[in-house]
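Nothing in this text is a laboratory measurement; each read-out follows from the coordinates by a stated rule. Nothing here was measured: the structure is a model prediction, and the numbers come from that model. Cβ sites come from the backbone with ideal geometry, for glycine too, and all protein chains shown count toward neighbours.
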Amino acid sequence: MNQTYKKSQKILHWLLAFLVLFWLFVSGALVESSEGADKAMILPIHSGGAIIILCLMIYRFRLRLANTVIPSAALKPYERIWSVRTHLTMYALVLLMVLSGIGQGIFFEQEVRIFGFINITLEHNESIVVIFHFIHETTANIFKLLIAIHILAALKHQFIDRNGLLKRMS
């Protein structure tokens, strides 16, 4: 086990933080608020970006397994447990977001092309789209809540506990 994260892991953490926040709060809002031709223009970027985020998350997870870092001694035992649970849940939420997004695309009313090239739409079925949309939106809301908790925990460790935990990822 290593004492700290590799530089590549740190860069990937902050890159994914930016991308996930952008996709949850900006790209998702653009998709929700657009219709017709505007939506047709935004969906390939939104869906393609989501696939990139999923690939980067899988890569980050593999790096994490290959470069196991010793849990911080500054953390209380319950904080270590919740830290691991939170991170694993974030990986699962990205997977669920992408899969439910693909599910929507398969049955969407207009053609959905990932990266503008790969058509994933089979046939329109509004009943199925509604189910996948509910899963997608619920997952996004849970993800936003988990991100807020993650940020608040980092700030707590930095400014209340003053244990230097934030330096591990910067």
Gap separating the Cα centres of the range 82-128 and the range 35-80, nearest whole Å: 14
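Cross-link list Lys6/Lys167; Lys7/Lys167; Lys76/Lys144: which exceed 22 angstrom alpha carbon to alpha carbon?
On the way: Lys6/Lys167 12 Å; Lys7/Lys167 12 Å; Lys76/Lys144 25 Å.
Long pairs (Cα-Cα over 22 Å): Lys76/Lys144.
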Residue order, fewest to most beta carbons within 10 Å, for Trp23, Trp82: Trp82, Trp23
Distance histogram for the range 18-65 (every C-alpha pair counted, 10 angstrom bins, percent rounded to whole numbers): 26, 45, 21, 8, 1
Charge dipole magnitude, Cβ of K and R +1, D and E -1 - the chain, Cα centre, debye nearest 20: 1480
Aspartates and glutamates with Cα under 19 Å of Lys156, excluding same-chain neighbours fewer than 8 positions away: Glu79
Which of Met169, Met97, Met57 has the fewest Cβ neighbours within 10 Å, and the rest in rising order: Met169, Met57, Met97
The chain: relative contact order in percent, alpha carbon pairs under 8 Å with at least 6 residues between: 25
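Which is the longest run of the chain containing none of the trypsin sites (Lys or Arg not before Pro) found in DSSP loop states (not H, G, I, E, B) with at most 14 other C-beta atoms within 10 Å? Display every interim value, and only then the final one.
Numbers: sites that count: Lys6, Arg162.
With trypsin sites (Lys or Arg not before Pro) excluded where exposed in loops, the chain gives 7-161 as its longest stretch.
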